[in-house]
Amino acid sequence: MDHSSNVCRGAALQRPSLVGGRGLRNQMNLSQSLCVWSVAVALAAAAVRAESVRTYCTETPLIELQQRFVDMRFGMFIHFNMATFQDREWGDPAGPVEAFSPTGLDTDQWATAARSAGMRFGCLTTRHHDGFCLWPTKSGGDSVAMTSHKTDVVRAYVDSFRKAGLSVGLYYSILDLRGDVRHFNVTPAKIERIKTELTKLLTNYGDISFLIFDGWDAPWSRISYDEVPFDEIYALVKQLQPNCLISELNASQYPPSALFYTDIKSFEQNAGQELPRESELPALSCVTLTNGWFWKQGDENRPLKSAEQVVDAWLRPQNERHCVQICNAAPNREGRLAPNVVARLKEIGERWRHEGPMSKLSPATVITTRNLAARRPIHAGESPDTRGPDLVNDGDFGNSWYLPSGRDEGWIEVELPAGTSFNTLVLSEPVGRWGDYRASRIRRIVFEGASDGGAWRELATTDDTSPVRVIPIPRTTARRVRIRLIASADTPHVSEVGIYNEPDRKLSSAPE
């Protein structure tokens with residue numbers, strides 16, 4: 001399978017896809033010598049990069065798919081895997097596969113309970129962080145095929161939920177402790193295994209509405225989007241199922257006001273990740289009925305989250321901000337929901353009824369490719385002591401560079417390899433990070449580009465004051481990119497700058 005194609009070939013052959021390619025809600029006004037051999041190498045590398053730019057194609061625009069997702073409002077997270085049988089939150093990767101042994105698996109009961117709560121979808125943990133697969137994979141990983149009962153839990157789940165009229169989502173962890181897919185231990189063979197497993201999940205179980213990825217570019221897994229290349233995985237998913245949305249649990253790493261490496265912004269509420277008050281992006285928020293994600297022995301006698309808390313404190317206010325709530329109801333070791341969980345879901349359904357579609361979303365650009373500015377040579381017109389401009393392209397949104405006190409204007413300049421093409425510019429400002437930084441301190445941003453020895457030309461200008469400015473531009477080529485800042489208040493900060501070569505976005509008709 002060619003994962004670097006830049007041609008829309010039709011859904012029957014390649015199942016191509018789309019990434020949303022529109023601007024954020026406030027529309028932007030776009031208006032050193034090297035020796036001969038190193039120049040040749042750089043130009044050759046640039047040519048390869050240009051040729052490998054993908055085209056994401058789909059039959060349905062991303063904004064419509066996102067709207068369908070948020071319109072569901074409420075769904076069931078189902079954490080059921082090896083950890084269920086070990087009283088752990090992460091399964092023991094050294095434990096025997098035979099430990100996974102549900103004695104009364106009843107996925108019809110899960111679906112019935114979800115409907116009683118007014119839920120519209122489910123999402124099953126097909127592979128959690130320990131790496132055990134709930135379907136009989138032939139990828140080489142540990143799976144239900146190695147157990148005595150050999151039950152395909154994924155098949156049972158999708159069949160039951162579809163029969164009940166519910167949409168189907170799947171969860172998949174990139175981190176795999178059984179398969180040693182860990183930071184500094186990722187190999188091409190392990191990446192191919194991930195692709196093989198995802199291909200199976202997306203070709204053998206019908207239409208999948210969304211995938212939730214976890215254990216990827218997280219501070220506790222540390223597997224970066226370069227080690228397991230995000231754009232390749234994204235392209236594969238969209239190639240196989242162009243209507244399948246991707247939700248990456250990366251809110252701890254990326255600002256909440258932009259869609260970095262995700263179609264749907266995700267917030268793990270149990271980990272303290274809160275939906276912003278002013279959120280306008282399509283989002284989901286994860287909560288649990290029990291104290292943990294997986295069922296523990298004794299949970300049948302422990303208190304659960306109340307229906308009042310789930311509905312009034314979480315679901316209704318989140319729905320008002322384009323956020324779907326995904327409430328975890330963990331099955332026990334039998335493979336059934338315990339009576340107290342079933343009863344609580346029914347109470348939730350008695351307290352809440354689906355209120356129809358949400359208000360209309362505004363289009364937002366999704367970032368899927370690597371930041372071309374990351375760790376490149378960078379300069380500034382002026383910097384305060386200890387705060388060099390390298391802090392704005394180090395990949396850490398927790399760091400920032402700022403204009404020295406009293407300066408109204410300044411600039412940052414990034415050097416790129418010769419012939420670098422790009423079409424998306426991003427600047428992140430740490431609005432809200434400190435008590436005295438409640439609003440933007442930058443009145444205007446001007447992006448300029450130049451080739452070697454060439455004059456500066458304007459690429460884009462924005463007066464937007466959002467915390468993250470995302471500006472699509474016509475695809476261009478430059479050796480240097482300069483960002484000029486005009487301040488509206490003293491000491492404006494910049495946390496990160498981004499330069500991306502995002503794939504073209506095209507609609508394609510399904511084959512007859």
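The values are calculated or read from the model by the stated rules, or taken from the named source; none is laboratory data. Computed from a prediction, not measured in an experiment: that's the story for all the values here. FYI the Cβ positions are ideal-geometry reconstructions off the backbone, even for glycines, and counts take in every protein chain you see.
What number of residues within segment 442-468 are part of a strand (DSSP E or B) and among the acidic types (Asp, Glu)?
2
Has segment 270-279 got at least one residue that is surrounded by 18 or more Cβ atoms within 10 Å (Cβ to Cβ) and touching a strand residue (DSSP E or B) at 6+ places or on another chain (Cβ under 8 Å)?
yes
I'm told Val70 meets every condition in (1) surrounded by fewer than 16 Cβ atoms within 10 Å (Cβ to Cβ); (2) out of contact with any helix residue (DSSP H, G or I) (no Cβ under 7 Å at 6 or more places or on another chain); (3) not hydroxyl-bearing (Ser, Thr, Tyr) except one. Can you identify the failing condition by its number?
Evaluating Val70 over (1) surrounded by fewer than 16 Cβ atoms within 10 Å (Cβ to Cβ); (2) out of contact with any helix residue (DSSP H, G or I) (no Cβ under 7 Å at 6 or more places or on another chain); (3) not hydroxyl-bearing (Ser, Thr, Tyr) leaves (1) as the failure.
Scanning segment 292-329 for residues that are out of contact with any helix residue (DSSP H, G or I) (no Cβ under 7 Å at 6 or more places or on another chain) and among the aliphatic types (A, V, I, L, M), which turns out farthest from Gln109 (Cα to Cα)?
Filtering segment 292-329 for residues that are out of contact with any helix residue (DSSP H, G or I) (no Cβ under 7 Å at 6 or more places or on another chain) and among the aliphatic types (A, V, I, L, M), the one farthest from Gln109 (Cα to Cα) comes out as Ala313.
So Gly498 fits all but one of (1) small (Gly, Ala, Ser); (2) more than 18 Å from Thr369 (Cβ to Cβ); (3) under 27 Å from the mean Cα position of the chain (by Cα); what number is the exception?
(2)
Would it be correct to say that Phe397 is under 29 Å from the mean Cα position of the chain (by Cα), part of a loop (DSSP other than H, G, I, E, B) and either assigned by TED's automatic domain parsing to the domain that holds Ala478 or buried (at least 17 other Cβ atoms within 10 Å of the Cβ) (or both)?
In short, yes.
I need every pair where a residue in segment 222-237 that is in the same structural domain as Ser252 (by TED's automatic domain parsing) and closer than 13 Å to Arg370 by Cβ has its Cβ under 6 Å from the Cβ of a residue that is part of a loop (DSSP other than H, G, I, E, B) and hydrophobic (A, V, I, L, M, F, W, C), sequence separation at least 6 or different chains.
Hits for this filter: Glu227/Val186; Val228/Ile174; Val228/Val186.
When you check Glu98 against the structure, is it over 21 Å from the mean Cα position of the chain (by Cα), over 24 Å from Glu347 (Cβ atoms) and not in a loop (DSSP other than H, G, I, E, B), yes or no?
Yes; evaluated as a whole, the condition is true for this residue.
Which ones in segment 470-512 are under 16 Å from Ser428 (Cα atoms), among the charged types (D, E, K, R) and surrounded by fewer than 23 Cβ atoms within 10 Å (Cβ to Cβ)?
Arg482, Arg484
Is it true that Arg375 is closer than 30 Å to Tyr254 by Cβ, assigned by TED's automatic domain parsing to the domain that holds Phe69 and either of a type outside the set (A, V, I, L, M) or touching an Asp or Glu at 6+ places or on another chain (Cβ under 9 Å) (or both)?
no
If a residue must be touching a strand residue (DSSP E or B) at 6+ places or on another chain (Cβ under 8 Å), assigned to a loop (DSSP other than H, G, I, E, B) and either modelled with pLDDT under 95 or polar (S, T, N, Q) (or both), how many such residues does segment 280-305 contain?
Number of matching residues: 1.
Could you please give the count of residues in segment 400-418 that are crowded, with 17+ Cβ neighbours inside 10 Å and aromatic (Phe, Trp, Tyr)?
Of the residues in that region, 2 qualify.
Looking at segment 216-249 only, could you name the residues that are β-branched (Val, Ile, Thr) and either more than 15 Å from Ile367 (Cβ to Cβ) or assigned to a loop (DSSP other than H, G, I, E, B) (or both)?
Ile223, Val228, Val237
Exactly one of these conditions fails for Phe213: (1) in a strand (DSSP E or B); (2) in contact with a Cys (Cβ under 7 Å, 6 or more places away or on another chain). Give me its number.
(2)
Across segment 116-136, what is the total count of residues that are hydroxyl-bearing (Ser, Thr, Tyr) and either buried (at least 21 other Cβ atoms within 10 Å of the Cβ) or at positive phi (or both)?
The total comes to 2.
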